[in-house]
Amino acid sequence: MTENHRDRERLVAELIEVGRDAVGRGLVLASAGNFSVRVSEREFLVTAKGTWLDRLTPDDFALLTLDADETGDPVDVGPVPSSEWRLHHRAYRARPDAECVLHLHPRTAVVLASLGKPIRRLTLDHAYYLGEIAVTPFYHNGTDELADSAAEALRDHDCVVMQHHGCSVVAGNVEMAYRRALNLEDAAQATALALQLGDATTVFPDDAATHA
(Lines give C-alpha, C1' and ligand atoms only; values in the text may rest on other atoms or scores of the structure.)
Protein backbone atom coordinates (compact mmCIF):
# COMPACT_ATOMS: atom_id res chain seq x y z
CA MET A 1 0.00 0.00 0.00
CA THR A 2 1.41 3.39 -0.96
CA GLU A 3 1.78 6.38 1.33
CA ASN A 4 -0.87 8.18 -0.71
CA HIS A 5 -3.37 5.39 -0.01
CA ARG A 6 -2.56 5.43 3.70
CA ASP A 7 -3.11 9.17 3.77
CA ARG A 8 -6.39 8.77 1.93
CA GLU A 9 -7.63 6.22 4.45
CA ARG A 10 -6.66 8.49 7.34
CA LEU A 11 -8.37 11.52 5.82
CA VAL A 12 -11.55 9.57 5.11
CA ALA A 13 -11.55 8.26 8.69
CA GLU A 14 -11.25 11.83 9.99
CA LEU A 15 -14.20 12.97 7.87
CA ILE A 16 -16.29 10.03 9.04
CA GLU A 17 -15.67 11.04 12.66
CA VAL A 18 -16.45 14.70 11.92
CA GLY A 19 -19.71 13.62 10.30
CA ARG A 20 -20.83 11.74 13.40
CA ASP A 21 -19.95 14.64 15.67
CA ALA A 22 -21.48 17.33 13.43
CA VAL A 23 -24.82 15.53 13.22
CA GLY A 24 -24.76 14.91 16.97
CA ARG A 25 -24.28 18.63 17.56
CA GLY A 26 -27.11 19.57 15.20
CA LEU A 27 -24.85 21.28 12.67
CA VAL A 28 -26.52 19.34 9.86
CA LEU A 29 -29.58 17.13 9.42
CA ALA A 30 -30.17 13.90 7.50
CA SER A 31 -28.37 13.91 4.14
CA ALA A 32 -27.79 17.67 3.99
CA GLY A 33 -24.20 18.93 3.96
CA ASN A 34 -21.10 17.42 2.38
CA PHE A 35 -17.36 17.08 3.05
CA SER A 36 -14.24 16.83 0.95
CA VAL A 37 -10.46 16.45 1.21
CA ARG A 38 -7.73 17.05 -1.33
CA VAL A 39 -5.82 13.81 -1.93
CA SER A 40 -3.35 15.02 -4.57
CA GLU A 41 -2.47 18.16 -6.49
CA ARG A 42 -5.30 17.52 -8.93
CA GLU A 43 -7.79 15.23 -7.16
CA PHE A 44 -10.18 15.41 -4.22
CA LEU A 45 -12.62 13.09 -2.48
CA VAL A 46 -16.15 14.33 -1.77
CA THR A 47 -19.04 12.65 0.01
CA ALA A 48 -21.49 10.84 -2.23
CA LYS A 49 -24.98 11.92 -3.18
CA GLY A 50 -27.62 11.24 -0.54
CA THR A 51 -25.22 10.13 2.21
CA TRP A 52 -26.08 10.88 5.82
CA LEU A 53 -23.04 12.41 7.46
CA ASP A 54 -23.41 10.38 10.66
CA ARG A 55 -23.50 7.12 8.67
CA LEU A 56 -20.53 7.59 6.36
CA THR A 57 -18.36 4.63 5.38
CA PRO A 58 -15.15 4.56 3.31
CA ASP A 59 -17.29 3.61 0.29
CA ASP A 60 -19.29 6.86 0.50
CA PHE A 61 -16.70 9.08 -1.20
CA ALA A 62 -16.34 9.96 -4.88
CA LEU A 63 -13.00 10.87 -6.47
CA LEU A 64 -13.05 13.95 -8.72
CA THR A 65 -10.41 16.10 -10.38
CA LEU A 66 -9.65 19.77 -9.93
CA ASP A 67 -9.49 20.29 -13.67
CA ALA A 68 -11.36 23.34 -14.93
CA ASP A 69 -13.56 21.13 -17.12
CA GLU A 70 -14.54 18.68 -14.34
CA THR A 71 -18.10 17.43 -14.99
CA GLY A 72 -18.79 15.53 -11.76
CA ASP A 73 -18.12 12.08 -13.22
CA PRO A 74 -16.02 10.04 -10.74
CA VAL A 75 -12.43 9.31 -11.75
CA ASP A 76 -12.79 5.63 -10.88
CA VAL A 77 -15.71 3.27 -10.35
CA GLY A 78 -17.58 4.54 -7.34
CA PRO A 79 -20.61 6.44 -6.07
CA VAL A 80 -22.13 9.55 -7.63
CA PRO A 81 -20.76 12.66 -5.89
CA SER A 82 -22.91 15.06 -3.90
CA SER A 83 -24.89 17.49 -6.01
CA GLU A 84 -22.85 20.18 -4.24
CA TRP A 85 -19.52 18.89 -5.59
CA ARG A 86 -19.06 22.22 -7.39
CA LEU A 87 -18.84 24.03 -4.02
CA HIS A 88 -15.78 21.95 -3.20
CA HIS A 89 -14.25 21.95 -6.69
CA ARG A 90 -14.39 25.75 -6.98
CA ALA A 91 -13.20 26.28 -3.39
CA TYR A 92 -10.02 24.27 -4.00
CA ARG A 93 -9.35 26.08 -7.24
CA ALA A 94 -9.76 29.44 -5.48
CA ARG A 95 -7.67 28.35 -2.48
CA PRO A 96 -4.68 26.19 -3.48
CA ASP A 97 -3.68 26.11 0.19
CA ALA A 98 -6.93 24.43 1.27
CA GLU A 99 -6.80 20.70 2.00
CA CYS A 100 -10.33 20.29 3.40
CA VAL A 101 -13.73 21.83 2.71
CA LEU A 102 -16.69 21.28 5.04
CA HIS A 103 -20.18 22.33 3.97
CA LEU A 104 -22.67 22.32 6.85
CA HIS A 105 -26.02 23.88 7.75
CA PRO A 106 -25.46 25.52 11.16
CA ARG A 107 -28.88 26.88 12.12
CA THR A 108 -28.00 30.04 14.05
CA ALA A 109 -25.33 31.16 11.59
CA VAL A 110 -27.67 30.69 8.63
CA VAL A 111 -30.58 32.46 10.34
CA LEU A 112 -28.46 35.49 11.28
CA ALA A 113 -26.95 35.75 7.81
CA SER A 114 -30.35 35.36 6.16
CA LEU A 115 -31.76 38.17 8.34
CA GLY A 116 -28.86 40.43 7.48
CA LYS A 117 -27.45 40.31 11.02
CA PRO A 118 -23.62 40.21 11.09
CA ILE A 119 -22.13 37.30 13.01
CA ARG A 120 -19.83 38.89 15.56
CA ARG A 121 -16.63 37.41 16.94
CA LEU A 122 -16.94 37.84 20.69
CA THR A 123 -14.27 35.53 22.13
CA LEU A 124 -10.59 34.87 21.54
CA ASP A 125 -11.38 31.54 19.88
CA HIS A 126 -13.81 33.23 17.50
CA ALA A 127 -11.16 35.75 16.51
CA TYR A 128 -8.40 33.17 16.18
CA TYR A 129 -10.20 30.49 14.22
CA LEU A 130 -12.59 32.47 12.07
CA GLY A 131 -11.15 35.75 10.87
CA GLU A 132 -13.65 37.87 8.98
CA ILE A 133 -16.80 35.93 8.05
CA ALA A 134 -18.06 36.32 4.49
CA VAL A 135 -21.75 36.20 3.55
CA THR A 136 -23.12 35.51 0.07
CA PRO A 137 -26.68 35.86 -1.28
CA PHE A 138 -28.98 32.94 -1.93
CA TYR A 139 -28.47 30.75 -4.98
CA HIS A 140 -30.07 27.38 -5.59
CA ASN A 141 -28.33 24.20 -4.49
CA GLY A 142 -25.86 22.64 -6.88
CA THR A 143 -25.63 25.62 -9.21
CA ASP A 144 -22.57 27.27 -10.68
CA GLU A 145 -23.73 30.58 -9.20
CA LEU A 146 -23.70 29.16 -5.68
CA ALA A 147 -20.30 27.52 -6.11
CA ASP A 148 -18.69 30.49 -7.84
CA SER A 149 -19.95 33.09 -5.35
CA ALA A 150 -18.81 31.01 -2.38
CA ALA A 151 -15.40 30.36 -3.96
CA GLU A 152 -14.90 34.04 -4.65
CA ALA A 153 -15.65 34.82 -1.00
CA LEU A 154 -13.25 32.11 0.13
CA ARG A 155 -10.36 33.69 -1.75
CA ASP A 156 -9.96 36.10 1.17
CA HIS A 157 -11.88 34.31 3.93
CA ASP A 158 -11.82 30.92 5.62
CA CYS A 159 -15.56 30.91 6.39
CA VAL A 160 -18.50 31.85 4.20
CA VAL A 161 -22.19 31.70 5.09
CA MET A 162 -24.62 31.35 2.18
CA GLN A 163 -27.92 33.02 3.00
CA HIS A 164 -30.89 30.63 3.41
CA HIS A 165 -28.57 27.67 2.89
CA GLY A 166 -25.44 26.84 4.88
CA CYS A 167 -21.75 27.51 5.33
CA SER A 168 -18.46 26.40 3.83
CA VAL A 169 -15.19 26.45 5.75
CA VAL A 170 -11.71 25.70 4.44
CA ALA A 171 -8.45 24.83 6.17
CA GLY A 172 -5.13 23.05 5.75
CA ASN A 173 -6.43 19.95 7.52
CA VAL A 174 -9.68 18.33 8.64
CA GLU A 175 -9.30 19.22 12.29
CA MET A 176 -8.80 22.93 11.66
CA ALA A 177 -11.71 23.04 9.23
CA TYR A 178 -13.98 21.50 11.85
CA ARG A 179 -12.71 23.85 14.56
CA ARG A 180 -13.71 26.71 12.27
CA ALA A 181 -17.16 25.25 11.67
CA LEU A 182 -17.71 24.79 15.41
CA ASN A 183 -16.55 28.31 16.21
CA LEU A 184 -18.70 29.78 13.45
CA GLU A 185 -21.88 28.42 15.02
CA ASP A 186 -20.66 29.30 18.51
CA ALA A 187 -20.05 32.89 17.37
CA ALA A 188 -23.52 32.97 15.84
CA GLN A 189 -25.12 31.70 19.04
CA ALA A 190 -23.16 34.25 21.08
CA THR A 191 -24.25 36.99 18.69
CA ALA A 192 -27.88 35.93 19.01
CA LEU A 193 -27.59 36.01 22.80
CA ALA A 194 -25.98 39.45 22.70
CA LEU A 195 -28.82 40.72 20.52
CA GLN A 196 -31.37 39.31 22.96
CA LEU A 197 -29.58 41.19 25.74
CA GLY A 198 -29.87 44.41 23.75
CA ASP A 199 -26.27 44.65 22.52
CA ALA A 200 -25.69 45.12 18.79
CA THR A 201 -22.12 46.46 18.69
CA THR A 202 -19.71 44.61 21.00
CA VAL A 203 -16.96 42.63 19.25
CA PHE A 204 -13.69 41.06 20.35
CA PRO A 205 -10.86 43.64 20.39
CA ASP A 206 -8.56 43.04 17.42
CA ASP A 207 -5.39 44.00 19.27
CA ALA A 208 -6.09 41.34 21.91
CA ALA A 209 -6.27 38.65 19.23
CA THR A 210 -2.98 39.87 17.78
CA HIS A 211 -1.17 39.50 21.11
CA ALA A 212 -2.80 36.25 22.21
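Structure notes:
- Springs join every pair of Cα atoms under 10 Å in this Gaussian network model of the chain, and among D125, D69, D54 the largest mean-square fluctuation is at D69.
- Dipole size of segment 51-105 about its Cα centre, with +1 on Lys/Arg Cβ and -1 on Asp/Glu Cβ: approximately 240 debye, rounded to the nearest 20.
- Put a plus charge on the Cβ of each Lys and Arg, a minus charge on the Cβ of each Asp and Glu, and nothing anywhere else: the dipole of the chain about its Cα centre is then about 560 debye.
- The angle separating the long axis of helix 174-196 from the principal Cα axis of greatest extent in the chain is about 30 degrees.
- Dipole in debye (nearest 20) - segment 97-212, about Cα centre, beta carbon charges: Lys, Arg +1; Asp, Glu -1: 420 debye
- Result for the chain in a Gaussian network model with C-alpha springs under 10 Å: among H140, H103, H164, the largest mean-square fluctuation is at H140.
- Multiplying the residue separation of N173 and R107 by 0.36 nm and removing their Cα-Cα distance gives an extension gain of 21.4 nm.
- Selection among V135, A147, S40 by position relative to the dipole of the chain gives V135 as farthest towards the positive end (Cβ unit charges, Cα centre).
- Looking at segment 113-212, the GluC sites (Glu not before Pro) that sit in a DSSP loop and have at most 13 other Cβ atoms within 10 Å of their own Cβ are E132.
- Centroid-to-centroid separation of segment 1-76 and segment 139-212 [C-alpha atoms, Å]: 21 Å
- Gaussian network model of the chain, Cα within-10 Å springs - most flexible of A48, A200, A150: A200
- Its Cα gyration tensor gives the chain an equivalent ellipsoid; the semi-axes, largest first and in whole Å, are 29, 17, 16.
- Ellipticity estimate at 222 nm from DSSP helix runs (n ≥ 4, -39,500 (n - 2.57)) divided over the chain, nearest 500: -12500 deg cm²/dmol
- Counting protein heavy atoms only, segment 79-212 has 51 percent of its accessible area on carbon and sulfur, 1.4 angstrom probe.
- FRET efficiency for the L193 to T57 pair, using the beta carbon distance and R₀ = 35 Å, is estimated at 0.40.
- Calculated SAXS-style log₁₀ I(q)/I(0) at q = 0.13, 0.22 Å⁻¹ - segment 1-104, Debye, Cα scatterers: -0.41, -1.19
The values are calculated or read from the model by the stated rules, or taken from the named source; none is laboratory data. Predicted, not measured: the structure shown is a model, and the values here were computed from it. Neighbour counts run over all protein chains shown; Cβ positions are idealised from the backbone, glycine included. Surface accessibility is based on the protein's heavy atoms, side chains included, excluding ligands, DNA and RNA. Shrake-Rupley method; radii C 1.70, N 1.55, O 1.52, S 1.80 Å.
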